[in-house]
Structures are given as C-alpha cells and as structure tokens.
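One structure is given below, encoded as structure tokens.
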Amino acid sequence: MTAELRERIASLPGMERVLPALEGLDPAYLVGGAVRDLLLGVEHLDLDVAVDGDARRLARELADRLGGDAVEHERFGTATVTLGDLELDFASTRRETYPRPGALPEVEPAPLAEDLRRRDFTVNAMAIGLTGGDAGVLHDPHGGRADLEQGLVRVLHDRSFEDDPTRLLRAVRYETRLGFRIEPHTEALARAQASGDGLSTVSGARVRDELLDLLGEPEVGAAVARMAELGLDRALHPLLRADARLIERARDAASEVGADPVLAALAALVACDPDGLAGWVDDLHLTRGRSAAVLRAARGARPLADALRRELAPSAVHALLHSEPPEALALALALGAPEEPIRAYLDTLRDVKLEITGEDLKRAGIPEGPALGRALRETLRLKLDGVVSGRGDELRAALETARRREGE
Ligand code: ATP
C-alpha cells in the first residue's frame, strides 16, 4: 500500500521532481481532497500540502531548489508554489477551535493529527506522507478509507455542523459529486442543525462560497433536490423554496444565452420570492453587478416569459430584452419562454445599429435635445421592423420624426 501510494503520488504530473526536492525539509503531507481523489483514482487539480513546521519557509526553499515561484499569503501563513502546470498550496498543520458556533475558528500550530481532526468529513481527513520514511504512508485516524469504500459522507464529531454550518452544503456537494450517501447519524445531525440555527450563524460571504460551488456542480438538479429534502433551503432563509428542476433548467439555458450558469441558478433559487430575499442576496456580498443581475433576473424573468409568449414585432422583442442581463433570459427560458424571439434577439436584433448618428441630425438643423434622441430611437424601431433600410432612408425617417415632434 505505502509503496503503491508513493508511486501514485510520484506519477502526478510534476511530482516526480517535487518529492526528492522535499527531502531534508520539514515533514510534509498531501492532505484533503487530493488524498480522497487519489484513493478514488479520479483527477484532482489543486494539491494541498500540510507542513509540520513553517509552510512558507518550506515553500520558498522548494521553489528555490526547483526554480519555480513561491507566492506567500501573509495573512493566512500559507504559500503557493507554481512549477509549470503544477500548483501546490502549502499550509502549516494547525488546530482550530470555534469560539462560538459559525464563527471563524481560532487557529494555532499543532501536529498533523490535530490538523486532520479539524476537517469536515472522514473522507477529507486523511493525509499521505511525502518525505523520508513516511513517504507514501496513509494517515487515516478517522476511518476515511473505509467510508470511501462504502461511499459515506460522515462528520468527525457531533458538533461539526454546529461549529461550521457551511459543512451542510459541503455534505450535499460531496454526496452528489462522488455519488455517496450522507451516513445516517450524520444525516440526523444535519437535519437537526437545519431545523435549528441552520446557517444563520455563518457570514454571508462564507455561505456564498459554498452555495455557488454547490450550484456549479455538474448534477445541480440532484444536489438542489437533496438540499431541499434536508431542509437546507429554509435553513438558508425561511422564504427560500428551492425548485430543483427550475434551477437545473436555468443553468442549462445559461450556456445558450451567454449567461453565467451559477448566477442563473442563483436567480432561479431566489425567483420564489425575489423581494423577500433581496436582503439575503445582498448579504452574500457578490460584486454589485452580479447581485443586481441576479435580482433583476429573479424579478423580471416571469413577466418577460409571459410577454414573449405573445406575437411580437422584432422592435418589441428588442425593447423587452435589450436592457436585461443574460441571466434573465436564461431564467425566462427555464420558465417556458419561447426560444425563437430570444434567439432572434441574440443572433441579430441586438446588433442592429443605425448608420446615422445624432451628429447627422444636428447637421441637418435639428437642435440637441430630447426630440433628437426620440427620433433616433424611433428610427431604430423602424429599422428593426424592416420599414427603413440604408443611410438615406434612415436620415429621412429620423428628420421626419424629429420635425413632426418639434411641430407637436
Ligand atoms: P473539492 O473542491 O474537490 O471539494 P477539496 O476537498 O480540496 O476539493 P476544499 O474546499 O479545497 O475542498 O478544501 C480542502 C480541504 O480542507 C477539504 O478536503 C477539507 O479537508 C478541508 N475543509 C474545507 N472546508 C472545510 C470546512 N468548512 N470544515 C472543515 N474542513 C474543511
């Protein structure tokens, strides 16, 4: 087993150079998701290395030895080493204690065993030695390997969800991604936390990170259905009622309309009560543009879908869609809006521009002012509907409109 694991690690791209270069430095271990996925035989891109010692110093020395780059993250005492395509994240082994439920943990240096004890689930609480006689040795104090074989997501202790309720979302994500089951006692603890304090003790930013990861899962429909079944939607906010099929459809439709799939899914999640949930969306601290797109889509997609079901002139489709974020189009499609006007808008209508400008109208004697803007908009409408085409036509139509308006 040890020799085989050493082999497997050495065969990860770039690692055949890293392993000898780690010799003589502080003890280092591959940890977390990388170990889980190595044992499962699936690819895992970012490799986390725990160092029983000074992680930043070790990262610097390793980068020196191999001619790579080490970027140190002062605030967290961590470092990232990049060697060609390989990226390794280094952190010192540590103990974490929670001053109160949901708070950020207090952190202090501690040996590997403590570092594994602070982790979320047994399958993520294993390490493999990378140095000296420990190279290839599996450290598995919580039975992670057995749970991996049985396909179980299990917490390490009964207060786990209370300490950090974001683990509720992580449990569902791993269950869906790995095709595992949450182990029965863990599930009972999850339901108790969901119906008690839920995620109310956690900052919006931490909820956001885990929720967006969950909404980005390939099997998002299954993940959200399970989330709702465990009561996690209400645990996020009492008004949330997750519609798994709608969320899945919105995410699928996102790629057709150039929307951000995860934001489209989030808009579908809050579409059950956008006004009631607006404050909750703000608390997630998305960038302002992203949060505005989510709320606009959540509020506007239903009326949009209804309007698009009617027979509409191209200019009316343009008027409806031109100031909507793509996420609103994705959600409208998910709500059953017909595809054809949306396709027409994306393929042609949105790129239709006038050949003339305000300058042309001013040169023809129209004074600057609202009438000029209206004339240009009206001419664009005529162009979209195929009533005018070509520069000459446009100018005539615009001048006629402007003068008529002036006369009114
Ligand atoms: P994946 O995205 O495949 O889950 P990962 O398992 O590496 O990758 P990360 O979110 O990068 O997941 O976390 C790395 C490791 O840190 C986890 O495997 C787990 O051991 C630990 N961890 C992450 N979040 C928590 C948490 N909220 N509580 C306890 N341990 C955590």
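The values are calculated or read from the model by the stated rules, or taken from the named source; none is laboratory data. For clarity, every value in this text was computed on a predicted model and none was experimentally measured. Positions of Cβ are backbone-derived with ideal geometry, glycine not excepted, and every protein chain shown enters the neighbour counts.
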Residues of region 97-145 classified as within 13 Å of the ligand (Cβ to nearest atom), in a loop (DSSP other than H, G, I, E, B) and of a type in the set (Gly, Ala, Ser), total = 3
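Filter region 245-268 down to residues that are out of contact with any helix residue (DSSP H, G or I) (no Cβ under 6 Å at 6 or more places or on another chain) and not polar (S, T, N, Q), then give me how many there are.
4
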GLN150 meets each of (1) within 14 Å of the ligand (Cβ to nearest atom); (2) free of Cβ contacts under 8 Å to residues at least 24 places away in the same chain; (3) polar (S, T, N, Q) with one exception, condition (1)
Of the residues GLY386, GLY369, GLY373, GLY407, which is over 38 Å from the mean Cα position of the chain (by Cα), modelled with pLDDT under 95 and at positive phi?
-> GLY369
Subset of region 229-253, residues within 24 Å of TYR174 (Cβ to Cβ), of a type in the set (Gly, Ala, Ser) and buried (at least 18 other Cβ atoms within 10 Å of the Cβ), comes to ALA235, ALA242, ALA244, ALA250
Quick check: is even one residue across region 163-179 away from the ligand (no atom under 12 Å from the Cβ), under 29 Å from THR2 (Cβ atoms) and within 27 Å of the chain's Cα centre (by Cα)?
-> yes
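For LEU361, state whether it is touching a residue at least 40 places away in the same chain (Cβ under 8 Å) and within 30 Å of LEU331 (Cα to Cα). Spell out the reasoning first.
Details: touching a residue at least 40 places away in the same chain (Cβ under 8 Å): yes; within 30 Å of LEU331 (Cα to Cα): no.
Criteria not met by LEU361.
In region 83-98, how many are exposed (fewer than 14 other Cβ atoms within 10 Å of the Cβ) and either β-branched (Val, Ile, Thr) or modelled with pLDDT of 95 or more (or both)? So that I can check it myself, show each step before the final result.
Of all residues in region 83-98, those exposed (fewer than 14 other Cβ atoms within 10 Å of the Cβ) come to 84-85, 97.
Next, only the ones that are either β-branched (Val, Ile, Thr) or modelled with pLDDT of 95 or more (or both) stay: 97.
Residues in region 83-98 being exposed (fewer than 14 other Cβ atoms within 10 Å of the Cβ) and either β-branched (Val, Ile, Thr) or modelled with pLDDT of 95 or more (or both): 1 in total.
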Condition met for GLY53 (out of contact with any strand residue (DSSP E or B) (no Cβ under 6 Å at 6 or more places or on another chain), in contact (Cβ under 8 Å) with a residue 12 or more places away in the chain, closer than 18 Å to GLY133 by Cβ and of a type outside the set (A, V, I, L, M)) = yes
What helices (runs of 4 or more DSSP H) completely inside region 1-60 contain at least 1 residues that are within 16 Å of the ligand (Cβ to nearest atom) and crowded, with 21+ Cβ neighbours inside 10 Å?
-> 2-10, 33-40
